[in-house]
1. Keeping to region 382-404, report how many residues are over 21 Å from residue 273 (Cα atoms) and in contact (Cβ under 8 Å) with a residue 24 or more places away in the chain.
2. So residue 322 passes all but one of these: (1) assigned to a strand (DSSP E or B); (2) crowded, with 23+ Cβ neighbours inside 10 Å. Which condition number does it fail?
3. Determine which single condition residue 188 fails, assuming it passes every other condition in (1) at pLDDT 95 or above; (2) within 27 Å of residue 80 (Cα to Cα); (3) not in a strand (DSSP E or B).
4. Among the residues of region 414-431 satisfying the criterion of being in a loop (DSSP other than H, G, I, E, B) and out of contact with any helix residue (DSSP H, G or I) (no Cβ under 8 Å at 6 or more places or on another chain), which is farthest from residue 215 (Cα to Cα)?
5. May I ask you to list the residues in region 199-209 that are buried (at least 16 other Cβ atoms within 10 Å of the Cβ) and part of a loop (DSSP other than H, G, I, E, B)?
6. When the residues of region 158-169 are filtered to those that are touching a helix residue (DSSP H, G or I) at 6+ places or on another chain (Cβ under 8 Å) and within 22 Å of residue 13 (Cα to Cα), which remaining residue is nearest to ligand 2 (Cβ to nearest atom)?
7. Name every residue in region 292-307 that is away from ligand 2 (no atom under 16 Å from the Cβ) and either touching a helix residue (DSSP H, G or I) at 6+ places or on another chain (Cβ under 9 Å) or part of a loop (DSSP other than H, G, I, E, B) (or both), in order of residue number.
8. Do you know which of the residues in region 325-359 that are over 18 Å from residue 378 (Cβ atoms) and in a strand (DSSP E or B) is nearest to ligand 1 (Cβ to nearest atom)?
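The values are calculated or read from the model by the stated rules, or taken from the named source; none is laboratory data. As the structure is a prediction and not an experimental result, all values here were calculated from the model. Quick reminder, even Gly has a Cβ in these numbers, built from the backbone with ideal geometry, and neighbours come from all protein chains shown.
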Ligand SMILES: Nc1ncnc2c1ncn2[C@@H]1O[C@H](COP(=O)(O)OP(=O)(O)OP(=O)(O)O)[C@@H](O)[C@H]1O
Ligand SMILES: [Mg+2]
């Protein structure tokens with residue numbers, strides 16, 4: 001059976017039927033509708049060209065990358081399965097979920113219920129109803145779900161909602177059970193700090209205080225824009241996880257063998273910043289854009305390294321489409337930037353950022369004649385990587401690393417306390433800034 005695929009074209013506030021997706025096992029097939037092609041509408045993504053009668057995707061889940069990102073992740077899946085009272089497959093989740101997923105695609109028949117976006121006032125009314133006992137009082141996770149009974153298709157593990165306030169659609173992120181109540185403040189401060197360090201982030205993240213006393217982080221959605229009519233247009237999005245086809249690379253026996261002999265596995269290479277920097281070219285198309293975005297990617301690597309954000313996994317990076325007709329994509333504004341308070345012995349990023357081919361002696365002290373894939377945070381490797389993969393000269397990279405470390409070391413506490421975090425909470429993160437401090441004091445470079 002085929003599933004209709006809808007797209008929000010640039011500046012359009014209503015979805016257009018783009019074609020049909022059918023799926024058997026791990027093979028998926030998409031065919032543009034004759035009307036869509038006749039109207040001269042653009043391709044949905046670089047891997048679904050308009051000039052082919054139908055396009056096939058094989059391996060992994062057998063679902064095209066941009067379709068995958070329209071669906072829910074852990075949190076949204078949990079809500080959907082709870083509502084339906086049963087487990088759902090990846091494809092089923094895509095066709096049943098609310099259409100508030102990131103990007104401009106929706107699969108399956110559309111209903112008003114799937115299209116509904118919660119208004120802030122509605123959310124507050126529900127909260128008040130609950131607090132007055134007209135509905136059962138529940139823990140925060142439950143409250144969020146009950147408030148937004150349709151659940152959410154936004155990815156990630158934390159409770160979240162897409163919410164509209166004064167003509168802006170926001171992503172509202174709530175601390176999960178067991179998280180510190182200061183998490184929204186911490187993330188808000190870190191996003192602002194990143195912006196000051198030249199990392200592209202959204203302006204105006206804010207800590208939202210609910211009447212219940214709870215707090216959430218509110219960030220404007222980068223993939224929703226209000227049009228003059230008052231309705232919203234959408235921008236296409238693909239996560240690094242989907243772009244790199246990581247659904248095709250679950251750890252396998254041969255990976256373990258490669259790990260034993262090479263010191264890294266092909267899956268580790270696939271999941272790396274190095275692969276992302278390369279593969280972005282297929283999506284950005286334009287050499288200038290690709291060069292700008294590779295450099296931006298390195299600045300994000302450096303920022304994550306300097307604040308010890310060790311949760312920089314491939315779903316925490318993605319590209320948005322800035323020109324659909326030309327299929328030009330760039331990195332989306334950075335999100336989910338949070339220092340890791342409980343540091344392991346040798347802190348490493350989630351994705352490897354430097355590759356040293358066999359027989360080459362890089363600047364990093366870890367390099368030798370065997371090939372190396374480096375994710376452990378180390379200044380020599382960060383600098384070597386800047387030249388090898390991200391389009392920086394050594395001098396430029398050294399200057400950026402030094403200036404950024406200095407800024408972070410001097411100002412992180414100011415950013416944290418400006419969000420209202422108490423001294424004890426701020427101190428829990430002191431350890432995360434030791435590398436920035438070492439570099440700032442001239443010891444790390
Ligand atoms: N400002 C934004 N606008 C639109 N979509 C966003 C925005 N920020 C995040 N997203 C999307 O929502 C998803 C979840 O956001 P985020 O990563 O911040 O949540 P999380 O629950 O902390 O994730 P994790 O599972 O990594 O802890 C992201 O993977 C991204 O697809
Ligand atoms: Mg995330």
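1. Here the count works out to 1.
2. For residue 322, the failing item is (2).
3. It fails just one condition, (2).
4. Among residues in region 414-431 that are in a loop (DSSP other than H, G, I, E, B) and out of contact with any helix residue (DSSP H, G or I) (no Cβ under 8 Å at 6 or more places or on another chain), the one farthest from residue 215 (Cα to Cα) is 428.
5. Selection gives 199, 200, 202, 205.
6. Pass one, region 158-169, residues touching a helix residue (DSSP H, G or I) at 6+ places or on another chain (Cβ under 8 Å): 158-161, 163-165.
Subsequent filtering for residues that are within 22 Å of residue 13 (Cα to Cα) retains 161, 163-165.
Numbers: 161: 15, 163: 18, 164: 22, 165: 22 Å.
Step by step, filter region 158-169, then rank; the result is 161.
7. Looking only at region 292-307, we keep the residues that are away from ligand 2 (no atom under 16 Å from the Cβ), and these are 292-299, 301-302, 305-306.
Passing the criteria: 292, 293, 294, 295, 297, 298, 299, 301, 302, 305, 306.
8. For region 325-359, the residue satisfying everything is 334.
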